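Each reported figure results from applying straightforward, stated rules to the coordinates on display, with no laboratory input. Every value quoted in this text rests on a predicted model; they were computed, and no experiment measured them. With ideal geometry, Cβ positions are generated from the backbone for all residues, glycine too; neighbour counts draw on all protein chains shown.
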Amino acid sequence: MQIEGTSALVTGGASGLGEAVARELARLGARVAVLDRNSELAQKVAADIGGTAHACDIADTASVEAALDAAAAAHGPARILMNVAGIGGAKRIVGKDGRAAPLEDFAKVIGVNLIGTYNISRLFAARCAKLEALEDGARGVMMFTASVAAYDGQVGQQAYSASKGGLVGMTLPMARDLAQHGIRVCTVAPGIFATPLLLELPEPVQQSLAASIPFPSRLGKPSEFAELACHIVTNNHLNGEVIRLDGALRMAPR
C-alpha cells in the first residue's frame, strides 16, 4: 500500500516512538492524524508535520469514535492505523510489606495496552472494511506495538509483559480474521529505544543499557522504529507477523 496521499492514524503520536512514526509518515506524504491523550503535545507535533491532532483515550469507545470521525473529516477515511499508545509500570507481586500487589494496577495496564489497542483496532477495521479495495484487494493495514518484554519480561513486569504478550498473541488471529476484508495486521516488538523518558535516566544507566545490546551496542533510534513501521505499510505481503527490533537483545531477569 502506498503511503503518499493516504490517510493515517497514529496513537500515542505526541511523543516518543509514536511521534517518530507520525513524522516519518508525514515525510513520506501521508495525511497524518496524531491521536493522544496529551492534546497540547499532539497539537505541537501535528502543526510541525502539517497534520491534525485529536484527543483520544484508546480505552474509551466514545473517545475513539470521536477521534476517528474528526480525523476522517480532516483527511478522508483512514487506511493506516499505527497503534503506538501504551503505558508502563512495574510492581512486584508481593511487596516489601508482604502485601499482594493491587489488582487495579494490573488491570490498568491491561486495559490500556491490550484492551485499548483492540478497541481502536476493531473500530478502525469496521470502517476500513467498507472502503474501496486497492491493488491485491487491499483496504488497509494496522500495526501493534508490543515489546521484547512480551518474551523476556523482567521482575515486576507481570502486567506490562502480559499486555504486550497479548498483542503478540492477537496478531495472527486478527490478520486471519481481517484477511477477508483486505486488512493486514503486523506487530513490532521493540527493545530498548532512546525515547524521551529513557533519556531522562542518568547517563551511566543509559550506557549500561546500551552495553547489554549485542549489536549495535547502543540504544535503538526512534527513526529506526518508524522506518520499520512504514515498511510494513508498503510491503503488501507482510501480514500476521511479529518482528523483534532489538539488536539481538535478550533481557536479563532484572
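Tell me whether segment 4-19 contains one or more residues that are over 19 Å from residue 69 (Cα atoms) and surrounded by fewer than 19 Cβ atoms within 10 Å (Cβ to Cβ).
Within segment 4-19, one or more residues are over 19 Å from residue 69 (Cα atoms) and surrounded by fewer than 19 Cβ atoms within 10 Å (Cβ to Cβ).
Which condition from (1) free of Cβ contacts under 8 Å to residues at least 40 places away in the same chain; (2) touching a helix residue (DSSP H, G or I) at 6+ places or on another chain (Cβ under 7 Å) is the one that residue 173 breaks?
(2)
Going through segment 20-29 one residue at a time, which ones are of a type in the set (Asp, Glu) and surrounded by 24 or more Cβ atoms within 10 Å (Cβ to Cβ)?
none
Restricting to segment 43-64, what's the tally of residues that are closer than 22 Å to residue 114 by Cβ, outside any helix (DSSP H, G or I) and β-branched (Val, Ile, Thr)?
1
Hey, among the residues in segment 87-103 that are within 23 Å of the chain's Cα centre (by Cα) and on the phi < 0 side of the Ramachandran plot, which one's surrounded by the most Cβ atoms within 10 Å (Cβ to Cβ)?
90
From the set of residues in segment 73-86 that are surrounded by 17 or more Cβ atoms within 10 Å (Cβ to Cβ) and of a type in the set (A, V, I, L, M), which is farthest from residue 191 (Cα to Cα)?
Among them, the one singled out is 78.
Going residue by residue through segment 180-199, is there one that turns out to be free of Cβ contacts under 8 Å to residues at least 40 places away in the same chain, in a helix (DSSP H, G or I) and within 26 Å of residue 1 (Cα to Cα)?
There is at least one residue in segment 180-199 that is free of Cβ contacts under 8 Å to residues at least 40 places away in the same chain, in a helix (DSSP H, G or I) and within 26 Å of residue 1 (Cα to Cα).
Out of curiosity, is residue 120 in contact with a helix residue (DSSP H, G or I) (Cβ under 8 Å, 6 or more places away or on another chain) and free of Cβ contacts under 8 Å to residues at least 40 places away in the same chain?
Against the criterion (in contact with a helix residue (DSSP H, G or I) (Cβ under 8 Å, 6 or more places away or on another chain) and free of Cβ contacts under 8 Å to residues at least 40 places away in the same chain), residue 120 does not qualify.
Within segment 200-252, how many residues are in a helix (DSSP H, G or I), under 16 Å from the mean Cα position of the chain (by Cα) and either among the acidic types (Asp, Glu) or surrounded by fewer than 16 Cβ atoms within 10 Å (Cβ to Cβ) (or both)? It would help to see each step written out before you state the result.
From segment 200-252, those in a helix (DSSP H, G or I) are 200, 203-211, 222-234; that's our starting set.
Subsequent filtering for residues that are under 16 Å from the mean Cα position of the chain (by Cα) retains 222-233.
Filter once more, so that each one left must be either among the acidic types (Asp, Glu) or surrounded by fewer than 16 Cβ atoms within 10 Å (Cβ to Cβ) (or both): 223-224, 227, 231.
Matching residues across segment 200-252 total 4.
Filtering segment 109-130 down to residues that are closer than 16 Å to residue 71 by Cα and touching a strand residue (DSSP E or B) at 6+ places or on another chain (Cβ under 7 Å), which residue is surrounded by the fewest Cβ atoms within 10 Å (Cβ to Cβ)?
125
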